[in-house]
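Here the structure comes first, spelled out in structure tokens, and everything after it is commentary.
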Amino acid sequence: MVRGIYAGSFDPVTFGHLDIIVRASRVVEELVVGVLNNRAKSPLFSVEERVKMLEEVTKEYPNVKIRSFTGLLVEFAKECEARVIVRGLRAITDFDYELQMAQTNRIMNPDLDTIFLTTSLEYAYLSSTTVKEVAGFGGDISAFVPPFVEKKIQERMEVLPEG
């Protein structure tokens, strides 16, 4: 079985992320979406909340599994017995960084390959940071995230202190 990993912070998951998840799930037999627990960042949602949101928005894809992880992606890949890392590219500016990471991962684990999927054009501009910024100013984010995620973001924004 070819198992792939698509990893990120997904804070929050966007239509751009879902685009890559759906397309990658057609390329590999099983796709593990790895939700990074990056202790250096202050996310809008906890890892557990992000896992639950991803489980909800990917429930119609039986070969997609959601797991959280900390540490190096190559170690998580080994733990999952994955042979492929999936990375999404929005623009040429992403490629330079992603190529360096792919080469580093390949040196650390020669049995692990990286495949790049270019994001569909309608999501090429989209990032979780943009979604949070628009939502923070009360803007309409319905074109950026699934309705379930939009509701969670709006609920979270209502409880955040202004400042």
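The values are calculated or read from the model by the stated rules, or taken from the named source; none is laboratory data. Quantities reported herein were computed from a predicted structural model and do not represent experimental measurements. Heads up, the Cβs are rebuilt from the backbone with ideal geometry, glycines too, and the neighbour counts pull from every protein chain shown.
Regarding segment 83-96, can at least one residue be identified that is more than 22 Å from R50 (Cα to Cα), among the acidic types (D, E) and modelled with pLDDT of 95 or more?
So in segment 83-96, the residues more than 22 Å from R50 (Cα to Cα) come out as 83-84, 91-96.
With the extra rule that they be among the acidic types (D, E), the set shrinks to 94, 96.
Checking which are modelled with pLDDT of 95 or more leaves us with none.
No, there is no match, as no residue in segment 83-96 is more than 22 Å from R50 (Cα to Cα), among the acidic types (D, E) and modelled with pLDDT of 95 or more.
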- Message: Step by step: first the residues of segment 111-132, then only those that are more than 14 Å from the chain's Cα centre (by Cα) and part of a loop (DSSP other than H, G, I, E, B), then the one that is surrounded by the most Cβ atoms within 10 Å (Cβ to Cβ). Which residue is that?
- Response: L112
- Note on the structure: Apart from one, (1) closer than 22 Å to S42 by Cβ; (2) within 16 Å of the chain's Cα centre (by Cα) all hold for I85; the odd one out is (1)
- Query: Can you find a residue in segment 40-61 that is among the small types (G, A, S) and closer than 23 Å to S120 by Cα?
  - Reply: no
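Can you name every residue in segment 143-159 that is more than 20 Å from R90 (Cα to Cα) and either surrounded by 15 or more Cβ atoms within 10 Å (Cβ to Cβ) or without any contact (Cβ under 8 Å) to a residue 24 or more places away in the chain (or both)? Please lay out each step first, then the result.
Taking segment 143-159 as the starting set, the residues that turn out to be more than 20 Å from R90 (Cα to Cα) are 147-159.
Selection gives P147, V149, E150, K151, K152, I153, Q154, E155, R156, M157, E158, V159.
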- Query: So Y97 fits all but one of (1) surrounded by 14 or more Cβ atoms within 10 Å (Cβ to Cβ); (2) part of a helix (DSSP H, G or I); (3) not β-branched (V, I, T); what number is the exception?
  - Reply: (1)
- Query: Which members of segment 1-14 meet the condition of being surrounded by fewer than 20 Cβ atoms within 10 Å (Cβ to Cβ) and either in contact with a Cys (Cβ under 9 Å, 6 or more places away or on another chain) or in a helix (DSSP H, G or I) (or both)?
  - Reply: R3
